[in-house]
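Participant: Encoded as structure tokens, here's the structure I'll be asking about.
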Amino acid sequence: MDIHTLDITKEHCPMTFVKAKLVLAKINSGDVLEITLKGGEPLENVPKSAAEEGHRILSIEKNGESHVIKIEKN
Amino acid sequence: MRDYTEDQLERYSRHILLKDVGVEGQEKLLDGKVLIIGAGGLGSPAALYLAAAGVGMIGIVDGDRVDLSNLQRQITHFTKDVGVWKADSASEKMRAINPEITVHPYNQYLFASNIREIIKAYDFVIDGTDNFATKFLINDACVFEGIPFSHGGILRFDGQTMTVNPGESACYRCVFNAPPPPNLVPTCSQAGVLGAIAGMLGTIQATEALKFLTGAGNMLYNKLLTFDALKMDFRTVNLRKNENCPICGSHPVITELVDSDPAVCDL
């Protein structure tokens with residue numbers, strides 16, 4: 001199992017989840033993607049969208065101004 | 001997996017966001033090859049949407065030039081294009097929408113002698129023609145080459161479409177057998193068509209091509225979708241492969257392509 005990281009704090013909807021999907025498509029099933037994102041829209045939508053596509057949300061943690069969500073690829 | 005540029009990610013973002021398309025589906029579109037036969041009412045919207053979707057290679061065939069009377073429904077042609085080859089005019093618009101794709105205009109009509117050579121370079125064919133002779137020719141050529149295609153036809157306020165997976169689902173001849181006698185086909189002076197229904201039907205055909213390439217959803221195989229725009233009534237009739245079909249039945253009598261007289265009515 002590999003851990004991958006992605007920073008989408010500079011992205012805006014819908015590119016936030018587009019960037020996340022691009023990485024999720026490249027990594028292996030069971031790998032973990034740690035996404036750093038801003039509060040508000042990205043924090044609301046990215047975990048929800050990832051869950052809707054069958055991935056598992058392992059954790060969501062606040063990290064200063066931003067948040068880190070860990071997603072296990074389906 | 002290909003490396004998407006930032007521009008590509010943004011251009012195709014609304015596809016990538018779809019669960020049933022995603023990064024993988026968009027990649028299939030970029031690698032996909034679709035031939036549109038007829039740059040008229042049906043082919044126009046199909047060409048624009050397929051180009052916008054990033055279908056990697058799009059061929060468009062038409063042996064006619066743009067006429068002023070086409071502009072009421074053939075939305076890829078503009079007033080400045082009157083007199084220009086339709087396939088060239090459509091190709092110019094496709095390239096303007098999406099410079100990344102490869103577009104092949106064929107400024108010619110299709111006959112028994114050239115159709116197989118042209119269609120075999122493509123994954124999927126859209127029949128946007130206006131006459132029964134060519135519709136049967138496209139069906140037969142696609143059956144022989146094993147290439148799936150979308151049949152479409154419009155007249156007045158009505159449209160019909162079915163998608164054919166040769167050898168697997170009902171073909172156009174399974175349902176309609178042979179072209180109707182020319183005296184039953186409306187002559188040009190009798191035939192009218194509401195422009196926007198060309199968009200309704202051509203866009204359904206484009207959707208079928210995009211579903212075929214991405215693998216999303218269920219194709220319109222073994223189904224004839226018809227609509228009457230006056231009542232805005234859509235119906236789907238279930239079809240099945242016909243054992244007695246002259247081309248894909250158990251004892252086919254059509255074993256080679258032949259040209260028949262077109263009862264042409266420019267729709």
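The values are calculated or read from the model by the stated rules, or taken from the named source; none is laboratory data. Source: prediction; values computed, not measured. Every residue, glycine as well, gets a Cβ built from its backbone with ideal geometry; the counts of neighbours run over all protein chains shown. Accessible surface is based on the protein model in full, side chains and every heavy atom, while ligands, DNA and RNA are left aside. Shrake-Rupley method; radii C 1.70, N 1.55, O 1.52, S 1.80 Å.
Participant: Can you show me the helix-derived [θ] at 222 nm for chain B, built from DSSP H runs with n ≥ 4 at -39,500 (n - 2.57) apiece and divided by the number of residues, rounded to the nearest 500. Spell out each step's value before the answer.
Facilitator: Working: 9 runs with 87 residues, N = 267.
One gets -9500 deg cm²/dmol as the mean residue ellipticity at 222 nm.
Participant: Below 8 Å, C-alpha to C-alpha, sequence gap of six or more: please give me the relative contact order for chain B in percent.
Facilitator: Values: 559 pairs, mean separation 54.0, N = 267.
Relative CO of chain B lands at 20 percent.
Participant: Compute the distance from the alpha-carbon center of the stretch B:1-56 to that of the stretch B:79-142, in whole Å.
Facilitator: Spelled out, the Cα-based centre of one part sits 18 Å from the other.
Participant: Report for the protein assembly as shown the percent antiparallel among DSSP-assigned beta bridges with both residues inside it, nearest 5.
Facilitator: Numbers: 32 of 55 bridges.
Antiparallel bridges: around 60 percent, rounded to the nearest 5.
Participant: As a quick test, which of the pairs B:28/B:223; A:10/B:19; B:120/B:241; B:93/B:211; A:48/B:120 have an alpha carbon distance above 32 angstrom in this structure? Don't jump to the answer; show the numbers that get you there.
Facilitator: Numbers: B:28/B:223 25 Å; A:10/B:19 24 Å; B:120/B:241 23 Å; B:93/B:211 23 Å; A:48/B:120 44 Å.
In this structure, A:48/B:120 exceed 32 Å between Cα atoms.
Participant: Can you list the residues of the stretch B:1-25 whose accessible area drops by at least 50 Å² going from the chain on its own to the full set of protein chains, with a 1.4 Å probe?
Facilitator: Listed by number, the residues meeting the 50 Å² cut-off are B:1, B:9, B:17, B:19.
Participant: On to the next question. Return the percentage of antiparallel bridges among DSSP beta bridges fully within the stretch A:3-72, rounded to the nearest 5 %. Don't jump to the answer; show the numbers that get you there.
Facilitator: Details: 14 of 19 bridges.
For the stretch A:3-72, the DSSP antiparallel bridge percentage is about 75.
Participant: On to the next question. Does any residue of the stretch A:12-58 lose at least 10 Å² of accessible area with all protein chains in place compared with its chain alone, and if so which ones (probe 1.4 Å)?
Facilitator: A:14, A:15, A:17, A:18, A:19, A:21, A:22, A:25, A:26, A:52, A:53
Participant: To continue, here is another question. I'd like the carbon and sulfur percentage of the solvent accessible area for the protein assembly as shown, probe radius 1.4 Å, heavy atoms only, ligands and nucleic acids excluded. Write down the numbers at each step before the final one.
Facilitator: Working: 8110 of 16010 Å².
Carbon-and-sulfur percentage of accessible area, whole number: 51.
Participant: Using the crude model of +1 on Lys and Arg Cβ and -1 on Asp and Glu Cβ, and no other charge, please compute the dipole size for chain A relative to its Cα centre, in debye to 20.
Facilitator: Around 80 debye, computed over chain A.
Participant: Still on this structure: Please report the buried accessible area for the interface of B with A, total over both chains, probe 1.4 Å, in Å² to the nearest 100.
Facilitator: On the way: alone 12640 and 4480 Å², together 16010 Å².
Separately minus together, B and A give about 1100 Å² buried.
Participant: I want the antiparallel fraction of DSSP beta bridges within the stretch B:32-238, as a percent rounded to 5.
Facilitator: Values: 18 of 36 bridges.
Around 50 percent of the beta bridges assigned by DSSP in the stretch B:32-238 are antiparallel ones.
Participant: Evaluate the relative contact order of the stretch B:59-144 (contact order divided by residue number), counting alpha-carbon pairs under 8 angstrom at least 6 apart; express in whole percent. Don't skip to the end; give the middle numbers.
Facilitator: Working: 90 pairs, mean separation 25.2, N = 86.
The normalised contact order for the stretch B:59-144 reaches 29 percent.
Participant: So what is the accessible area of the protein assembly as shown per residue, in Å², with the probe set to 1.4 Å? Let's see the in-between values first.
Facilitator: Working: 16010 Å² over 341 residues.
Accessible area per residue, the protein assembly as shown: 47 Å².
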